[in-house]
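Chemist: Let me begin by handing over the structure; questions about it come next.
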């Protein structure tokens, strides 16, 4: 046994030999493992060096190629000319208004149940809406449905029961010391509960409310508040049997209040020029961002490429600027107002209840300058037989002119 005589070795000596051999094997294995680790480390170092070298070579090649290409293209570069700069300025895109979709007009719910479902969802986070829903039995359908479509009517709705039976005669003045066109909201409780166009000013009074804004600013006179203009519109035949406000309120009606109305084309430059001249623009709006039926808004200013509007149905929409493209797609007609050249017209009307022609007699010592949509101008002192909802107007005048009521608009 490797030079040992088994017969001469004791058991203890044999055990020592076995331990020595086992230790020798372990030392060999450890040495072998150290050699393997060293070889792995050396391989990793060699691979890392090779990778760095490859990256450096690629970088140098790219730089060389870039430099060579730059030499060939350097002489071909042109500095911008005055003509190019001018072209860039001309082709600059017009500003686009950033409008929160939540403030846009919403569809009127078809019935009370649908409206209440909408309000119940809102009531989970709004205590005032919850109070209205909890007491919904005291509110008519029209009140509930309008609130569901426009939650800005919340306070108006809360106070409806207490204030609806009050007589609103319009015998008050609004602040006439205005440096800009004031915003009158239809649902202002000072006039919102007053009757107009088979409904309330709050719901159907956009036309007289807009005209009241223009009158107050241009004349610096607070006497023609929205109730007064609404009564004037009704008494002089500008509301038809369907509760629609005729466009003639913005022409003949404005003349009767001592304002001059010029019908504008839907053109951004024309609108800017009118505003720069100190005029106030009123627009009749089709269904879209401002209404789901039809309505009126005031355009009062132009700043930083956007138009400032007074929307009588919404404070939120009045607080943001609107770009021409977005507005123009919704405008059906518009007028630029200034102070008239003559005395305020006196208008008498006899309105029939069956929808027949309203007889409107207009006497004026001055003229109302009205430019039609095709750009022609007429000066009129008229006696007018005006069918408020009809497609024609019979006018006896020193020059024939269309009263502007061939397309009546709802004042919602």
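Chemist: For residue 111 and residue 189 in the same chain, what is the full-extension length gain: residue separation times 0.36 nm, less their Cα-Cα distance, in nm?
Modeler: Numbers: separation 78, 0.36 × 78 = 28.08 nm, distance 2.51 nm.
Using 0.36 nm per residue and subtracting the Cα-Cα distance, I get 25.6 nm.
Chemist: For residue 130 and residue 198 in the same chain, what is the full-extension length gain: residue separation times 0.36 nm, less their Cα-Cα distance, in nm?
Modeler: Values: separation 68, 0.36 × 68 = 24.48 nm, distance 2.89 nm.
Additional length available on full extension: 21.6 nm.
Chemist: Mind giving me the nanometre distance, one decimal, between the label points for residue 177 and residue 23, set 7 Å out from Cα along Cα→Cβ?
Modeler: Each label point lies 7 Å from its Cα, and together they span 11.0 nm.
Chemist: Could you tell me which of rounded, prolate or oblate describes the stretch 152-195, using a ≥ b ≥ c as the square roots of the eigenvalues of the alpha-carbon gyration tensor, with rounded for a/c under 1.5 and, failing that, prolate when a/b is larger than b/c and oblate otherwise?
Modeler: Working: a/c = 3.46, a/b = 1.58, b/c = 2.19.
Because a/c hits 1.5 or more and a/b fails to exceed b/c, the stretch 152-195 counts as oblate.
Chemist: Can you compute the label reach from residue 60? Point 7 Å from Cα along the Cβ direction, backbone N cut-off under 15 Å, restricted to the stretch 14-50.
Modeler: Residues passing the 15 Å test: 50.
Chemist: Within a 10 angstrom radius of the beta carbon, how do 297, 227, 45 rank from fewest other beta carbons to most?
Modeler: 45, 227, 297
Chemist: While we're on this one: Fully extended, how many nm does the chain gain between residue 341 and residue 41 (0.36 nm per residue separation, minus their Cα-Cα distance)?
Modeler: Contour length minus the Cα-Cα distance gives 98.1 nm.
Chemist: Tell me, 245, 313, 124 in order of fewest to most beta-carbon neighbours within 10 Å? List each step's numbers first, then the result.
Modeler: On the way: 245 34, 313 27, 124 8.
So the ranking, lowest neighbour count to highest, is 124, 313, 245.
Chemist: R0 = 25 Å: FRET efficiency of residue 326 with residue 276, Cβ-based, nearest 0.05? It would help to have the intermediate numbers written out before the result.
Modeler: Values: r = 21 Å, r/R0 = 0.84.
The pair residue 326/residue 276 has a calculated efficiency of 0.75.
Chemist: Could you line up 332, 125 from fewest to most neighbouring Cβ atoms inside 10 Å? Mind showing how you got there, number by number?
Modeler: On the way: 332 13, 125 8.
Ascending Cβ contact count within 10 Å gives the list 125, 332.
Chemist: So for the pair residue 12, residue 242, with labels modelled 7 Å out along Cα→Cβ, what separation do we get in nm?
Modeler: About 12.5 nm, to one decimal.
Chemist: 7 Å from Cα along Cα→Cβ at both residue 93 and residue 51: what's the point-to-point distance in nm?
Modeler: About 4.3 nm separates the two model spin labels.
Here, each number is a calculation from the coordinates, and none is a lab measurement. Since the structure is predicted, the reported quantities are computational estimates derived from the model, not experimental observations. Cβ sites come from the backbone with ideal geometry, for glycine too, and all protein chains shown count toward neighbours.
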